[in-house]
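J.: This structure is in structure tokens; I'll ask about it shortly.
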Amino acid sequence: MTLMCNFLRLKLIFIKNDYFSSLEGTFLKWISFHFLFTGEQILLSDNASSLAVQAFLQMCELPIKVVCRANAEYMSPSGKVPFIHVGNQVVSELGPIVQFVKAKGHSLSDGLDEVQKAEMKAYMELVNNMLLTAELYLQWCDEATVGEITHSRYGFPYPWPLNHILAYQKQWEVKRKMKAIGWGNKTLDQVLEDVDQCCQALSQRLGTQPYFFNKQPTELDALVFGHLFTILTTQLTSDELSDKVKNYSNLLAFCRRIEQNYFGENGKGHIPLRSQGKKEKQLILSLDQSGYTCEKL
């Protein structure tokens, strides 16, 4: 299995996108934003992380070209999606992308004082430790979700038997991680309770403000939106996860606000098509229609 997976990684080579411009001084002329196929492949956690990064880039008003590729996970320097490609530089995941963009003169949190920045980072850790981990648990440790959705979607781009080998390898890696962080013996009810406590903390911090730090969004807003919006709009084997978010009206209003301001008629972005369960097919729009380009291996 290891030899086959190494062979796959050799095949899934990075292909340079010549049609994107390089950096000009500190101005990001074009950002190539890469993530997995949305209609048939992408999973809950990857979709949430990808949407969080796209929301952050939209909030920074940076020009992006969205590219969905079946091998995006193997193109990423960290092995995780999404990643951005600017000139000859490739950066993956929200934290490093925020730092990279900040180094080029674009920041959403410069107006915060040191105490607020520390608080923002603490809430971002909460989201990653609770919501992201819960998403991973649900899609790889809940047997109903694994059998009905996860294995078929994760292995979608690959031929038999590689599709099964890679899916089982990924499941083993995630379960090992869950054991290491103390989630290995948790039940689904306990995980859902953790999600509820996280949402309660976020709801209390948001209050009646439009964003977590009053009138302007930060990377925390992008991160929370990515996860909550994806949870609310992704069809799983049950509605238990999304029902936890729906209990907090201000979080629902927060998601609608960001969707309208940055992805709706008032915004310039396009929300990636969400994963909807293995039986439902979705159309991948062409570049001319939506700003997306999708490439297969």
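The values are calculated or read from the model by the stated rules, or taken from the named source; none is laboratory data. Just so it is clear, the model here is predicted, and its values are computed rather than measured. All Cβ positions, glycine included, derive from the backbone under ideal geometry; neighbour counts span all protein chains shown. These area figures cover heavy atoms from the full protein model, side chains too; ligands, DNA and RNA do not enter into them. Shrake-Rupley method; radii C 1.70, N 1.55, O 1.52, S 1.80 Å.
J.: Name the residue from Ser152, Ile165, Thr187 whose Cα lies farthest towards the positive end of the charge dipole of region 31-263, charges +1 on Cβ of Lys and Arg and -1 on Cβ of Asp and Glu.
T.: Value computed over the given set: Ile165.
J.: Compute the relative contact order of region 31-263 as a whole-number percentage, counting only Cα pairs closer than 8 Å that sit 6 or more residues apart in sequence. Provide the component values of the computation, followed by the final result.
T.: On the way: 289 pairs, mean separation 60.0, N = 233.
It comes to 26 percent, rounded to a whole number.
J.: Please arrange Lys104, Lys177 by accessible surface area, largest first, computed with a 1.4 Å probe and ligands excluded. Working shown, then result.
T.: Numbers: Lys104 45, Lys177 90 Å².
The residues order as Lys177, Lys104, largest area first.
J.: Counting alpha carbon pairs within less than 8 Å and at least 6 residues apart, what relative contact order, in whole percent, applies to region 167-267?
T.: Working: 53 pairs, mean separation 26.3, N = 101.
Relative contact order for region 167-267 comes out at 26 percent.
J.: Throw me the Rg/Rh for region 30-99, computed over C-alpha atoms with Kirkwood Rh, two decimals.
T.: Values: Rg = 10.9 Å, Rh = 11.8 Å.
Radius of gyration over Kirkwood radius for region 30-99 works out to 0.92.
J.: Here is a further query. Provide the packing ranking of 41-47, 162-168, i.e. peptides ordered by the mean count of other C-beta atoms within 10 Å per residue, highest first.
T.: On the way: 41-47: 24.9, 162-168: 16.6.
Ranking the peptides 41-47, 162-168 by packing returns 41-47, 162-168.
J.: Sorted by accessible area (1.4 Å probe), largest first, how do Glu73, Glu143 line up?
T.: On the way: Glu73 35, Glu143 115 Å².
Putting Glu73, Glu143 in descending order of accessible area: Glu143, Glu73.
J.: Separate question: Expressed in whole Å with the largest first, what are the equivalent ellipsoid semi-axes of region 161-206 derived from the C-alpha gyration tensor as the square root of 5 times each eigenvalue? Please report the intermediate quantities before stating the final value.
T.: Numbers: eigenvalues 182, 33, 16 Å².
Semi-axes, largest first: 30, 13, 9 Å.
J.: Still on this model: Just to be sure I understand: of the beta bridges DSSP finds with both ends in region 31-263, what percent are antiparallel, rounded to 5? Kindly include the intermediate steps, with their values, before the conclusion.
T.: On the way: 8 of 13 bridges.
Counting DSSP beta bridges with both partners in region 31-263, the antiparallel share is about 60 percent.
J.: In addition: Taking Cα centroids, how far is region 170-237 from region 36-103 in Å?
T.: When both Cα centres are located, 19 Å separates them.
J.: So if I take the alpha carbon set of region 31-263, get Rg, then get Rh from the Kirkwood formula, what is the Rg over Rh ratio?
T.: Numbers: Rg = 17.4 Å, Rh = 18.3 Å.
Rounded to two decimals, Rg over Rh is 0.95.
J.: Let me ask another. Suppose all protein chains stay in the model; what accessible area per residue would a 1.4 Å probe give for region 31-263, in Å²?
T.: With the other protein chains kept in place, region 31-263 gives 40 Å² per residue.
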